[in-house]
Structures are given as structure tokens and as C-alpha cells.
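*Asks:* Structure in C-alpha cells, see below.
The numbers here are math on the coordinates, done by the rules we state, and not lab data. The shown structure was predicted, so the numbers you read here are calculated from the model rather than taken from an experiment. Cβ coordinates were reconstructed from backbone atoms using ideal geometry, including for glycine residues, and neighbour counts include every protein chain displayed.
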Amino acid sequence: MRGVASRPSQRNNTKDSIDVSSDDKNAPEATSFADLGLSEKVLSAVTDAGYTTPTPIQTGAIPHALEGKDILGIAQTGTGKTASFVLPMLTRLEKGRARARMPRTLILEPTRELAAQVEENFIKYGKNSRASVALLIGGVSFDDQLRKLERGVDVLIATPGRLLDHFERGKLLLTGVEILVIDEADRMLDMGFIPDIERICRLLPFSRQTLFFSATMPPEITKLTEQFLHAPVRIEVSRASSTGENIAQRLVKSKSTGWAKRETLRNLIRAEADELKNAIIFCNRKVDVSELFRSLVRHEFDAGALHGDMDQRARTTMLENFRAGKLKLLVASDVAARGLDIPDVSHVFNFDVPIHAEDYVHRIGRTGRAGRKGKAFTIATRADAKYLDAIEKLIGNQFEWHDGDLTTLSGDDAEDEKPKRGRGRATRGGRSSDQAEKPKKPRRGRSKQDEEAAVDRAPSPSSETPDEAASSKPHRAARKDTIRSDNQKRAEKQRPRRGDRDDDAGEVVGFGDDMPAFMKVPAKV
């Protein structure tokens, strides 16, 4: 029995792993799927789908998966990773039967779109077999998913969150899982699913087979493989974090204001009109996806939007329309950057430079798939310099500029970001000259009539000589005393003193002799 809890030294186990590289002379070679050991039913479905020659990742992974070995597969997007675990799973599932609420195999995907795409592959390649498939993703009714689980499923495809929801409700048992597939592991890391995956692995049997696939291998993912896998067969068909050689990559300079970037994007789309069949435009934030989508529609571009806040039905409809050619441009967040099988995308535009360098590899991997040519344009501003350096360090190549680098920008980019303010009227503190010249309001404590009277009584300074001004000082002081005493008298008339009260009345308690009318109303019993 082997599993997470029964492996005292995972590092020692991984040293016994087998490396199978695409450029290794001793790597297994296969000219057709018939050489890989698949069953007749699966081979028939593959032939009907129009595939004859396996890809390098399929050639390396399928024979070892049929033998029940753990696999660590590293390959860039668009190399056929999904079929490399779907086909051997279908072959092994021809023996045995599923039980209610106890799936035989489990596939974990980071997004709903990827999970739905894997389900489509099982339906396509498993049309001659009796394997049942269930999809557990968010945005879908729990009741429909529960009915499928109660009938028993051979293949359970799920996102980590929805899977744990069913388990915590007591509607799912994971003790019968024979094969676990963790797909797009680096995306799981970015989305924060690693703690959920660790919890799920503890719920699975120790004797399971684990297939681990990722396009990039950051250090965190390497640690996970040491924890989850036992003596895995490492299959690396391309250098980790590499990009397709058939994708032309260019940087396009732009000022950092939103309207300037949108104008740059529109000019690129118009310039590529002859070669542009369809394109995916990536933004870093969901709010930018909506804003850019509305801008393109206003400028009469055929565009759609896709991001994580949309409900599942709208996301599915948008993807189907884009696949069918009903939409030419798809503005999306990174939810569309991983593993989506849209085979014939001619262009990718990065409206925002991705913050995580690994996301760049996945974004441009949406084009240039299955040996086709593709183009990837990234709009860069002066603030994106550190992100560009990280991407170049990751992929090991330097970018080429489309029409000059950022040093050729005209004008001061920083000035364009500052809001325009009115000139010539602003004063200190942001107040206009008109506001500064407004007369001050009279001070509290003196009425308007008193102020006017004091002004009338006071002599004008300009009409007095120095001798008159000196002689008039006592008179001014007397006038001020008179004004002050008048104000005090007026206040005393309005507010009676304590000593003016009737001493015979005594101390008043409560309302005194007066009773309010509402207290005289008889109460209802």
C-alpha cells in the first residue's frame, strides 16, 4: 500500500523516477496509436475522430499509464495532454463496474471550462465503451449532479471546491478511486487550490495511481510532486516554461492611459485584418474585460466577453459562439488562458502584460496549436518593465518590438495620466479667485443689525488725521463698552435669572403642577 500518509521519505522515492524526454534517443517511439497498447474500442474511437499519429506527450505517457505507474507530465499547451490520460483511463475502465456515490477515477481541473472540455473528450473517445461520466462544477444545480452520483460513475471530473461541497454533504465517497489526475497543476497553485488538493488526496486510497500534468514547473509544484507521486515517470516533451516556436511574438508600445491602450489595440486589429481570422484578447482584471468589451462594441467590432463573474450558461454560450466562428474577438480574463481547446485561433492580444510570468506562456498558447502558425502581440507601457523582464527570464528569449520600443514614445507619459485642471483661476488651497473674493459671513454672537450699527458708529479711518485718530481712541473704547453692555442686557431679557424666580414656589419636580394632555387619557385594560 502506498499513499501520502505511508511515504516516510518522498524525496528518496522521487530519485528513482524515470525520465523520458522528447529529445532522448532512448525514448519510446510510436508511429500510430495501435503501438501504444490501447484497447480496440478506444482505437476505433480515435480513428473515427481523425487522429492517426500520437503526439510526443501521448507517446511517452500512455504506455506507462496503462502499466499503472505514476506520471509527471510536463508539456506546453496544445500538445495533447488531455488525450494522454483520457485514452489509457478508458482502456483500464473497461474492466469492473461503478458503485453508487463511489467513483472509480477522479480528475481535478482548475476551471469549469477545462472540466467541461475533458468531459467532451471522454464522450468523444468513449463512445464505444460503457464508462459513465459525471461533471461536478459550480454554477450547476446540485440535484442534477447528485442524481448522476447515485447511479454510479466511472469517471468523476470536478473542480476542487464543488467536489468538497458534495463530500461535506455526505453525498460522495472517495475510497474507491483507483486513478487520480491532477491537470494544470500550476494553475491550481495560482488559484489557491493547493490546500484543497492536499485535503482531497488524504481522502483517497493509498494504492491509487496518480497522473500529474503541468505546463510549467515552479518550485512549489516540484514540492507537490514529491508529496503526491511515488517514483513517477517524468515525461518532458519540451523545456519547462517554453513557448511555441511557430508563434510570432511582438511587443507594442503604448501610453498607460486606458483610452491610449484601447486605441493601440484597435489599430493593431485593423492592421492585422488581412491575416486575422479570430483572436483572444486577455486582460488582467475582470472589470477591464467588461470595459474593453463595451469599447470594442461601440467601435463596431464583433466581440464577446468571458470572465469568472459570468454565470456558467453565459460562459458556455460565449465559448461555443467563438468556436463556431460567430464571434471574431473574445475579450477574456485568465479563465480562458489554460487548456481550452480552440484549435484555430490566429491571434492573441495581451491588452495587459500578465503579472505572473507563467500566465504569458499559457495565454499565447491559445494560438499556434497543432502545428499551425500564430501571432501574439503584447501591449506594454513603461510601468510593465519589471513584468517583461520576468517573462523574458522565464522563456529564455528577448522580445522583439513591433514598431519601436518605449523610448520612442512621444510626449511625457506621466503627464497624460494627470487629470486636466483649469488654469489661471486656481488659487492656493484649490479655491478659485471668485471664491476667494467672496465677503466673509458675520461672526456668531452678534446680529446683523448690531454689526451694521457698529460700522455706522465707527468713524472711517481714511477721514481722520493722526492727531484725530489718537484723540478718538478713548471714544472708540467707550463705544465698544456701550455695545457690549447692550448685548448683555438683551441676553438677560431673553434668559431669566435664577434669582428672579418665585422663592415661594419651591423646587419644581417633574412637570410641576402642569400635567400634559397625553397623560390624562384613560388607559385601556
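*Asks:* Can you list the HN-Hα couplings for region 249-255, worked out from phi with the Karplus curve (6.51, -1.76, 1.60; θ = phi - 60°), rounded to whole Hz and with x for Gly and Pro?
*Replies:* Those phi angles translate into 10, 9, 9, 10, 6, 7, 6 Hz.
*Asks:* Which value results when the Cα radius of gyration for region 70-198 is divided by 2.2 N^0.38 Å?
*Replies:* 1.00
*Asks:* Still on this structure, I have one more. Kindly flag which residue pairs out of 277/393; 41/95; 127/373; 261/375; 171/223 have an alpha-carbon separation exceeding 23 Å in this structure.
*Replies:* Checking Cα-Cα distances, 277/393; 127/373; 171/223 exceed 23 Å.
*Asks:* Sorted by average packing, counted as other Cβ atoms within 10 angstrom per residue and highest first, what order do 265-272, 214-221 take?
*Replies:* 214-221, 265-272
*Asks:* Explain nothing, just compute: Karplus ³J(HN,Hα) = 6.51 cos²θ - 1.76 cosθ + 1.60, θ = phi - 60°, for every residue of region 203-216 in order, whole Hz, x for Gly and Pro.
*Replies:* 8, 8, x, 5, 8, 6, 9, 10, 10, 10, 10, 7, 8, 10
*Asks:* Another one. At residue 517 and residue 127, where each label point lies 7 Å from the Cα along Cα→Cβ, what is the point-to-point distance in nanometres?
*Replies:* Between residue 517 and residue 127, the simple spin-label model gives 8.9 nm.
*Asks:* Hey, another quick one. Taking the Cα centre of region 10-236 as origin, sum charge times position over the Cβ atoms of Lys and Arg (+1) and Asp and Glu (-1), and report the length of that vector in debye to the nearest 20.
*Replies:* 920 debye
*Asks:* A further question follows. Treat each spin label as a single point 7 Å out from the Cα along the C-beta direction, and report the residue 266 to residue 148 distance in nm.
*Replies:* So the two model labels end up 4.3 nm from each other.
*Asks:* Check residue 345: other-chain or 5+ apart residues with amide H under 5 Å from its amide H, H built from backbone geometry?
*Replies:* Amide H neighbours of residue 345: 368, 369.
*Asks:* Just to be sure I understand the model, the point goes 7 Å from the Cα along the line to the Cβ. What's the resulting residue 392 to residue 67 distance in nm?
*Replies:* Roughly 4.4 nm, to one decimal.
*Asks:* On to the next question. Below 12 angstrom from the Cβ of residue 310, what's the summed charge of the other residues (Lys, Arg +1; Asp, Glu -1)?
*Replies:* Spelling it out: positives minus negatives among the neighbours equals +1.
*Asks:* Something else: What is the pair-distance distribution P(r) of region 10-236, computed from all Cα-Cα distances in 5 Å bins starting at 0, with each bin given as a whole percent?
*Replies:* Distribution as computed: 1, 7, 15, 20, 21, 17, 12, 6, 1, 0, 0 percent.
*Asks:* Something else about it: With unit charges on the beta carbons (Lys and Arg positive, Asp and Glu negative) and the dipole taken about the Cα centre of region 51-119, which residue among 117, 91, 58 sits farthest to the positive side?
*Replies:* Value: 91.
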